[in-house]
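Let me begin by presenting the structure, written as structure tokens, before commenting on it.
Bear in mind these aren't lab numbers, they're just calculated from the coordinates by the rules spelled out. Keep in mind that what you see is a predicted model, and the values were worked out from it rather than measured. FYI the Cβ positions are ideal-geometry reconstructions off the backbone, even for glycines, and counts take in every protein chain you see.
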Amino acid sequence: MKLNPFSYFSKDIAIDLGTATTLVYVRGQGIVIFEPSVVAINKKTGQILAIGEEAKKMVGRTPAHIIATRPLVKGVISDFEVTEQMLKYFIEKVHRNRFFFSPRPRVIIGIPCGVTEVEKKAVQDAAKSAGSREVYIIEQPMAAAIGNRLPVQEAGGNFIVDIGGGTTQVAVISLGGLVLTKSLRIAGDRLNEDIINFAQEEYKLLIGERTAEEIKIGIGSAYPLKEKKEMPMRGRNMVTGLPEEIMVSDTDIRRALEKSVGQILKTIKTTVEETPPELLADIMAKGIFLSGGGSLLRGLDILITKETKIPAKVIDDPLTAVARGAGLVLENLDDLREVLADTEELEPPQ
Ligand code: ADP
Ligand code: MG
């Protein structure tokens, strides 16, 4: 690796711009930021009040005109200005203590695959205006595969499924590029909504999003479990208006999640069907790799294995794979440049 005498000060960074969580990796240090991709806004004035962890804490504890938005809802950049502010906040947080003479950093940003050229450019511009020298874009499934040390630059096929909060991304990678990608706007958030709807329809119980997520993580599954699981679900009875607690089982929740899980599965199966046969042979041997928080749903790996006849496995530390992968690219930019997304040439640095 070539060493730039200033690299110690320059703090090049890699960012996983997730729909639920943003992670920041600093060269030579590893992951230093792991915060919710949330921005709190005063709806009356449009002013941004807080970002990240602090913004998440404000939700539900502040007056109604203060709302929390997730700028990357459903995996697309739904609100560019807010995304830009969030990106700036995270970049500046890392650079707060840098020396005044240190060069501006290089930044690699992992974004969902399938975003438009305009959105890619928008993310690049945001990072530039936050003080970056060079900005590169990498698609999240590519970064996840590299984070899991898959041989993405070889001629064989690699199959990766990244299930986050807003999107499920399915990708086949070979020779340093994405051969096939599919993106579905059904992932962890939708599973929470399914549980909220299920509680209303089945028990006339109004529950919050946090409760739904706790139930999902506590007893949710995609495939029948060996041991039964139960958990109290607390909310407000819609008829009486009073608080109520109902015991729900893994079977109930599996039923609630069935439809969305089925759609995720269908997208994976369609991708398998469209994979060129010569790559499929490698994939059958290597397996399907699952990353992202949503892949932690119990039994999802078993369900995918049964339905595709290809062994599926959740990778180690699935929540940090994209950030670790983008970080590896940052550390080895000369060797790994080809895995970056194609973007229009940026203006040369001054
Ligand atoms: P993103 O990349 O979109 O920011 P993440 O990879 O951080 O998303 O995943 C966030 C999603 O993972 C959330 O919907 C969260 O509820 C879900 N999740 C986290 N842990 C678990 C778990 N143990 N079981 C099921 N879902 C989980
Ligand atoms: Mg992600």
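Between the alpha-carbon centers of the range 232-255 and the range 93-171, tell me the distance in whole angstrom. Centre-to-centre (Cα) distance: 40 Å. Put in line by how crowded their Cβ is, counting other Cβ atoms within 10 Å and starting with the fewest, ARG255, ARG324 read ARG255, ARG324.
Normalised by the number of residues in the chain, the mean separation of alpha-carbon contacts (under 8 Å, six or more apart) gives a relative contact order of 19 percent.
Histogrammed with a bin width of 10 Å, the alpha carbon distances of the range 173-246 distribute as 17, 38, 22, 13, 7, 2, 0 percent, first bin at zero. Seen from every direction in turn and averaged, the convex hull around the alpha carbons of the range 295-342 projects onto 4.8 nm².
Placing pseudo-labels 7 Å out from each Cα toward the beta carbon at GLU245 and ASN42 gives an inter-label distance of 4.0 nm. Structural descriptor for the range 191-316: relative contact order 24 percent, calculated from alpha carbon pairs under 8 angstrom and at least 6 residues apart. The fewest-to-most ranking of GLU35, GLU338 by surrounding Cβ atoms within 10 Å reads GLU338, GLU35. Semi-axes of the equivalent ellipsoid for the range 93-208, computed as √(5λ) from the eigenvalues of its C-alpha gyration tensor and ordered from largest down, come to 33, 24, 13 Å.
The Rg/Rh ratio of the chain, with Rg taken over Cα atoms and Rh as the Kirkwood radius over Cα pairs, comes to 0.99. Return the loop-located GluC sites (Glu not before Pro) in the range 130-207 (DSSP other than H, G, I, E, B) with at most 16 other Cβ atoms within 10 Å of their own Cβ; answer none if there are none. Those that pass, being in a loop and sparsely packed, are GLU154. By DSSP, the beta bridges lying fully in the chain are antiparallel in about 70 percent of cases. Here's how it looks for ILE288: its modeled amide H is under 5 Å from those of ALA312, LYS313, which are all 5 or more places away or on a different chain. Taken along its principal axes, the alpha carbon cloud of the range 201-341 reaches lengths of 63, 34, 25 Å, longest axis first.
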